[in-house]
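Taking it in order: structure first as structure tokens, then the write-up.
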């Protein structure tokens, strides 16, 4: 993760903590990269497949998981997360509901708990 700006923990603040809209765009790509990498690793999905419009089961669930992690671990709103993934806020809401349902599986719940804990450590304290 050497490509992060030298801004410390504030570099990954939720959008409502940024001073301007340009600050959001600078760091949103880093949040997107982090959650994408985590989701791809858990589901064994290639970058190409993840970024495609493919709706196949594991590919869609990996994307939904990335949206869920953006919302839960970084505190982004559905709208902010939707912008991050070029999706509508209702799509993000649906993705989060799907992933919450997947937490009924103990293995999936454990994987998500680990990812959330790791990503939450990158989130700055409140304003």
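The values are calculated or read from the model by the stated rules, or taken from the named source; none is laboratory data. Computed from a predicted structure; not experimentally measured. FYI the Cβ positions are ideal-geometry reconstructions off the backbone, even for glycines, and counts take in every protein chain you see.
Some points to look at:
- Single condition residue 52 does not satisfy, out of (1) under 16 Å from residue 33 (Cα atoms); (2) touching a residue at least 12 places away in the same chain (Cβ under 8 Å): (2)
- Residue 67 fulfils the conditions (1) surrounded by fewer than 22 Cβ atoms within 10 Å (Cβ to Cβ); (2) at pLDDT 95 or above except for a single criterion, (1).
- Every test in (1) closer than 12 Å to residue 61 by Cβ; (2) within 13 Å of the chain's Cα centre (by Cα); (3) loosely packed, with under 14 Cβ neighbours inside 10 Å is passed by residue 86 save one, and that test is (1).
- Here residue 98 does not qualify as modelled with pLDDT of 90 or more, under 22 Å from residue 113 (Cβ atoms), in a loop (DSSP other than H, G, I, E, B) and touching a helix residue (DSSP H, G or I) at 6+ places or on another chain (Cβ under 8 Å).
- Members of the range 81-95 found to be touching a helix residue (DSSP H, G or I) at 6+ places or on another chain (Cβ under 9 Å) and not in a helix (DSSP H, G or I), listed by number: 85, 87, 88
Yes/no matrix, rows are residues, columns are (1) at pLDDT below 90; (2) surrounded by 13 or more Cβ atoms within 10 Å (Cβ to Cβ):
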position: 4; (1), (2): yes, yes
position: 30; (1), (2): yes, yes
position: 38; (1), (2): no, yes
position: 45; (1), (2): no, yes
position: 53; (1), (2): yes, no
position: 90; (1), (2): no, no
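- Whenever a residue of the range 80-105 is touching a residue at least 60 places away in the same chain (Cβ under 8 Å) and on the phi < 0 side of the Ramachandran plot, its partners that are surrounded by 17 or more Cβ atoms within 10 Å (Cβ to Cβ) and in a loop (DSSP other than H, G, I, E, B), lying with C-beta atoms within less than 9 angstrom and at least six residues away or across chains, give the pairs 80/14.
- Search result, residues across the range 70-80 that are part of a helix (DSSP H, G or I) and buried (at least 19 other Cβ atoms within 10 Å of the Cβ): 70, 71, 72, 73, 74, 78, 80
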